[in-house]
Amino acid sequence: MPSDVKSWGALEAKKPLEPYQFTRRDVGPGDVSIKIAFCGVCHSDLHVVRDDWKNSTFPLVPGHEIVGHVTAVGDKVTKYKVGDTVGVGCLVDSCRDCRECQRGLEQYCPVKRTGTYNGKCTDGTGPVTMGGYSDHIVVREEFVLRIPEGLDLAATAPLLCAGITTYSPLKHWGVKEGSKVGVIGLGGLGHMAVKIAAAMGAEVTVFTTSESKVADAKRLGAHHSVISKDAAQMKAVFRTFNVIIDTVGVPHDLTPYLETLDLDGVHVLVGLPDTPNPEFPPNRLVLQRRSLAGSNIGGIPETQEMLDFCAAHHIVSDIELISIDYINEAYERMLKSDVKYRFVIDIASSFSK
């Protein structure tokens with residue numbers, strides 16, 4: 001029978017989250033039921049519950065950085081068994097038939113890309129999918145990920161979004177030993193970009209507006225830092241970088257950063273500002289064959305690859321562990337960038353009270 005779920009959700013836009021109960025579907029033949037242990041708090045959660053992107057359906061339960069343990073499987077499930085440690089990221093379904101899905105790029109599926117929360121619900125249990133700020137979740141086997149042994153489970157949760165969002169462009173644009181990588185912003189995404197790029201062998205430079213983050217950038221694995229509002233420091237890295245990962249989620253001028261790209265360099269946007277960035281002169285790209293690109297999370301095969309890479313290199317997120325009843329305070333602190341570097345909800349303890 002379908003099961004009742006304890007959760008915290010947004011009942012309407014721009015209102016504080018509160019306890020909310022809803023029903024998940026029964027475990028079908030191809031499904032995996034997961035008791036959630038931890039769920040990361042992504043800045044996207046804040047955007048969606050406040051309807052900043054004007055596509056939210058309420059009530060909704062956020063959370064797409066989920067780790068936990070399998071409690072039941074359908075009779076056609078072959079990859080997982082009860083007791084396995086698993087994760088769920090930003091996707092819980094796709095058409096699985098289009099060319100993107102066939103290439104393992106489900107995040108670009110144009111037919112039926114279904115987000116872990118606020119996605120169109122196709123099982124009849126509600127208008128939208130409900131995410132990981134809840135005690136358990138039921139997910140198709142194809143969208144469940146194996147969590148490697150040896151990783152701290154709470155600190156692994158943000159890898160399911162922040163980790164893959166930065167790993168995917170670094171991998172796609174060929175970052176390797178000796179690559180010169182710039183990272184704009186040292187927050188939840190940026191600190192993962194630094195760790196992963198450094199593990200790939202790149203020479204990593206963090207762009208920041210704050211002197212206070214220079215020491216932390218070095219601790220996280222960056223080789224250099226540049227204060228981006230200092231013209232002399234920006235001039236010193238003119239035509240330096242092969243790849244820039246831009247994690248900033250507010251509008252900002254790209255022109256100074258494009259000037260730091262080498263010939264054939266690429267500036268990759270992974271942050272999503274609410275309003276457009278300022279325009280920039282086309283010659284900043286044309287005269288050095290530079291590219292401006294974007295990247296969106298990663299497909300299921302690549303996300304598993306990322307988890308295995310992080311396990312091999314002992315990479316997890318820097319986190320602050322919280323209880324679910326602290327979530328509204330956590331959101332306010334996120335708005336002030338007052339977290340190093342990701343909040344993670346202790347779901348198991350929160351709902352055992």
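The values are calculated or read from the model by the stated rules, or taken from the named source; none is laboratory data. Computed from a prediction, not measured in an experiment: that's the story for all the values here. Here Cβ is always computed from backbone atoms with ideal geometry, including for glycine, and neighbour counts include all displayed protein chains. Note: areas computed on protein heavy atoms with side chains; ligands, DNA, RNA excluded. Shrake-Rupley method; radii C 1.70, N 1.55, O 1.52, S 1.80 Å.
Sorting ARG99, ARG239 by accessible area puts them as ARG99, ARG239; the probe is 1.4 Å, largest comes first, and only protein heavy atoms count.
Listed peptides 105-117, 167-179 appear in the order 105-117, 167-179 once ranked by packing, highest mean of other Cβ atoms within 10 Å at the front. If you find the alpha carbon centre of the range 47-84 and of the range 92-166, how far apart are they in angstrom? With the range 47-84 and the range 92-166 each reduced to a Cα centre, they are spaced 7 Å.
Contact order, relative form, for the chain: 18 percent (alpha carbon pairs under 8 Å, 6 or more residues apart, mean separation divided by residue count). Run a plain Debye calculation on the range 77-127 (Cα atoms as equal point scatterers, no solvent) and give log10 I(q)/I(0) at q = 0.14, 0.32 Å⁻¹, rounded to two decimals, same order as the q list. Calculated log10 I(q)/I(0) at the listed q: -0.45, -1.10.
Positive contributions from Lys and Arg (+1) and negative ones from Asp and Glu (-1), summed over other residues with Cβ under 15 Å from the Cβ of VAL194, come out at +3. Under 19 Å of direct C-alpha separation, and excluding same-chain neighbours fewer than eight residues apart, LYS176 reaches these lysines: LYS195. Which stretch or stretches of the range 280-300 have amide N atoms under 12 Å from the point lying 7 Å from ARG239's Cα along the Cα→Cβ direction? The answer is 287-289.
In order along the range 214-224, the phi-based Karplus estimate (6.51 cos²θ - 1.76 cosθ + 1.60, θ = phi - 60°) of 3J(HN,Hα) comes to 5, 5, 5, 4, 5, 4, 7, x, 5, 8, 9 Hz; Gly and Pro are listed as x. The length gained by stretching the chain between ALA312 and SER3 to full extension, at 0.36 nm per residue less their Cα-Cα distance, is 107.5 nm. Sparsely packed loop sites in the range 272-344 (the GluC sites (Glu not before Pro) outside DSSP H, G, I, E and B with at most 15 other Cβ atoms within 10 Å) comprise GLU279. Calculated accessible area for the chain comes out at 44 Å² per residue, all protein chains present (probe 1.4 Å; ligands, DNA, RNA ignored).
What does the net charge come to around ASP308 if you take all other residues with beta carbon closer than 14 Å to its beta carbon, with K and R at +1 and D and E at -1? Summing Lys/Arg as +1 and Asp/Glu as -1 gives -1. Dividing the summed helix terms, -39500 (n - 2.57) for each DSSP H run of n ≥ 4, by the number of residues in the chain produces a 222 nm estimate of -6000 deg cm²/dmol to the nearest 500. Taking only protein heavy atoms and a 1.4 Å probe, the accessible area of the range 228-333 is 57% carbon and sulfur. The share of accessible area on the range 77-173 that comes from carbon and sulfur is 46 percent, using a 1.4 angstrom probe.
Over all projection directions, the Cα-based convex hull of the chain averages an area of 17.2 nm².
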